[in-house]
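No value in this document is a laboratory result; all are computed from the given coordinates. Keep in mind the model is a prediction, meaning the values are calculated, not measured. Counting neighbours? That spans all protein chains shown, and the Cβs are built from the backbone with ideal geometry, glycine included.
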Amino acid sequence: MNTSLDRNALLIGTQWRRPETDAMIEVISPHSEDVVARVPEGSAADIDSAVIAAREAFDRGPWPRMAPDERIEVVARLSALYAARLEEMATVISTEMGSPISFSNLAQAPAPWMMIEAFTKIAREFPWEETRAGALGGEVMVRREAVGVVAAIPPWNVPQFTVLSKVIPALLAGCTIVVKPAPETPLDSYLLADLLIEAGVPEGVVSIVAGGREVGEHLVRHPGVDKVAFTGSTEAGRKIGAICGEQLKRCSLELGGKSAAIVLDDADLTTVVEGMKFLGVMNSGQACVAQTRVLVSRERHDEVAEALAEGIGSMVVGDPLDPATEIGPMVARRQQERVNSYIEIGRQEGARLLTGGTGRPDGLESGWYVRPTVFAGVDNSMRIAQEEIFGPVLSVIAYDDVDDAVRIANDSDYGLAGTVWTGDRDAGLGVARRVRTGTYGVNTYTMDFAAPFGGFKASGVGREFGPEGLAQYTELKSVYLGEPAPGADS
Ligand code: NAD
């Protein structure tokens, strides 16, 4: 059966081309378990064609040689086209990966568009070329030039968000790009491909070739690639970082997390529970910044844990396309199995299951669903507190005092995000300064595209967003100009 989401071509060098092989990806609905679309599965030969096109466009094409304002104009056109397709983008993402449509309408589709807007503003103010007084007298020009051909590798959980966090700054800097979407979520990238063509991105500049790990690794190793921008698991990030290290390729890695929400004794319970219903289990728990460890003083542990169990346990689980749904299915059967296996591990480790557990949520006969789960009495050394589960599973952990809470928050291989909940903003800021993570929130959490986002420790290398994120797609060049010519304006 053909569906309206089927495609038969690949975007190679900003043009539709026939793939080199007949292999197809079947995109399966995590809700119905039916095939919703078939698209070509990219091969190593397709990646080679894409890198050749990107190399040619970078080495000889107009894109890197344009003035930044000319590129900004193209990206601004893309932004306007994107804004008109948000609803369609949200539906496609919910269809392919099972994200609740409420989350897709709130974040999966509009956040990438807000990011395009933020990056175009940053690019307008970016110091592409500046002249400084040299330390030895005379002048030095510092240029920020495009880093070259970029390999962009996103995961499936926030597919457009993680594609555009690489494609947009790369475009603005004058890079050419080969994107390899995850095989679970190729469909949103087809919509993006249509928009890139419509916006007038020149020939050769962007390719999109969906495929699995081997194809991804072929792209990473490709000698025609100058920089790899990766978002995904820490395990894959280590491997990609090692390859880039060996080849001296530029590399940025946005990896996993195990973020802690520290609840201080003066925190308002309703605010905490409402906060965790979003931040703890957003995108059905499949979020790198999810606050999956909730740290509470020993005195308030049971009260907060029970309120959380009540709040999380009553969330609506079901069809991702139903606007009432708060928790959708996991992206794949293997992810459902993985989350359930962690719930079982939590039980065996002696954590107290307050709500959820393994087994199907009531009334859902098909689909890769798991029950929203809260464990209490968790010790931070347990595997459920140390390892990224990537599902709707929260661990409540008791602390003795604020120093102990900070110690527990920092006792993690990861360092991506975190929050503190308190009636005293200054006390919250004091905690924020002591937790070793790349982003933090006081009584809230968000990614602000004006500010850098990324991880300490095993959560990554490099930053996305803000001028710092744009800078990751540039190389610095210093041009020594000597003394200004006599009579020249300074
Ligand atoms: P994954 O690492 O399995 O795959 C991510 C992408 O990399 C996919 O496109 C995959 O095909 C590709 N890939 C995997 N191994 C590769 C290799 N050796 N060489 C080249 N490409 C390879 O991760 P996933 O399961 O798709 O995504 C979930 C993970 O992503 C979680 O750990 C989550 O925390 C992380 N994530 C991090 C952020 C962040 O910004 N820090 C954002 C979203 C997701």
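Run the numbers on segment 260-442 and let me know its relative contact order in percent, using alpha-carbon pairs under 8 Å that are six or more apart. Result for segment 260-442 is 28 percent. Using Cβ point charges alone (K and R +1, D and E -1), the dipole size of segment 225-372 about the Cα centre works out to roughly 880 debye. Checking Cβ-Cβ separations below 4.7 Å across the chain identifies Cys175, Cys288 as cysteines lacking any candidate disulfide partner. Taking the charge dipole of segment 323-429 about its Cα centre, with +1 at Lys and Arg Cβ atoms and -1 at Asp and Glu Cβ atoms, the residue from Gln335, Gln348, Phe390 reaching farthest to the positive side is Gln335.
Take the Cβ atoms of Ser233 and Asp34, set R0 to 35 Å, and the FRET efficiency comes out at 0.80.
Where does the Debye-calculated log10 I(q)/I(0) of segment 80-165 sit at q = 0.15, 0.20 Å⁻¹, using only Cα point scatterers of equal weight, no solvent? For segment 80-165 at q = 0.15, 0.20 Å⁻¹, log10 I(q)/I(0) is -0.68, -0.95.
Converting the Cα gyration tensor eigenvalues of segment 345-412 into ellipsoid dimensions via √(5λ) gives semi-axes, longest first, of 27, 11, 10 Å. Projecting the Cα atoms of Gly134, Val289, Ala309 onto the dipole axis of the chain, where Lys and Arg carry +1 and Asp and Glu carry -1 at the beta carbon, places Gly134 farthest toward the positive end.
In summary, segment 138-243 shows an alpha-carbon radius of gyration equal to 1.12 times the 2.2 N^0.38 Å reference for compact globular proteins. Working from the Cα coordinates of segment 343-463, the gyration tensor eigenvalues give, after taking √(5λ), semi-axes of 28, 18, 14 Å in decreasing order. Apply the Debye scattering formula to the chain, with a single equal point scatterer on each alpha-carbon and no solvent, then give log10 I(q)/I(0) at q = 0.06, 0.07, 0.11, 0.14 Å⁻¹. Here log10 of I(q) over I(0) equals -0.28, -0.39, -0.91, -1.34. Between their Cα atoms, which of Lys249/Lys277; Lys166/Lys258; Lys258/Lys477; Lys121/Lys239; Lys121/Lys277 are more than 31 Å away from each other? Over 31 Å Cα-Cα: Lys249/Lys277; Lys258/Lys477; Lys121/Lys239; Lys121/Lys277. Remark: the chain carries a charge dipole of roughly 1060 debye about the Cα centre, counting +1 on each Lys and Arg Cβ and -1 on each Asp and Glu Cβ. The H on the amide N of Gly148, modeled in the peptide plane, is under 5 Å from the matching H of Thr176, each at least 5 residues off or on a different chain.
Among the trypsin sites (Lys or Arg not before Pro) found in segment 35-103, not one is both in a DSSP coil and sparsely packed, with 15 or fewer other Cβ atoms within 10 Å of its Cβ. Taking every C-alpha pair closer than 8 Å and separated by at least 6 residues, the mean separation divided by the residue count of the chain gives a relative contact order of 18 percent. Karplus-derived 3J(HN,Hα) values for segment 14-27, using 6.51 cos²θ - 1.76 cosθ + 1.60 with θ = phi - 60°, are 6, 9, 6, 9, 6, x, 6, 10, 8, 4, 10, 9, 9, 8 Hz; glycine and proline are entered as x.
Roughly how large, in nm² to one decimal, is the mean projection of the convex hull of the alpha-carbon atoms in segment 260-442? Across all orientations, segment 260-442 yields a mean hull projection of 9.6 nm². Summarising the strand pairing of segment 260-442, around 15 percent of its internal DSSP beta bridges are antiparallel. Annotation: amide H-H contacts under 5 Å for Tyr399 (H modelled 1.01 Å from N, sequence separation of 5 or more, or interchain): Val296, Ser297, Arg298. Largest first, the three principal axis extents of the alpha carbons in segment 192-236 are 37, 22, 16 Å in whole numbers.
Out of all DSSP beta bridges in the chain, what portion is antiparallel? Express it as a percent rounded to 5. Roughly 45 percent of the DSSP beta bridges within the chain come out antiparallel. Between Asn410 and Val142, the simple spin-label model (points 7 angstrom out along Cα→Cβ) gives 3.1 nm.
With N as its number of residues, segment 16-114 has a Cα radius of gyration that, divided by 2.2 N^0.38 Å, comes to 1.40.
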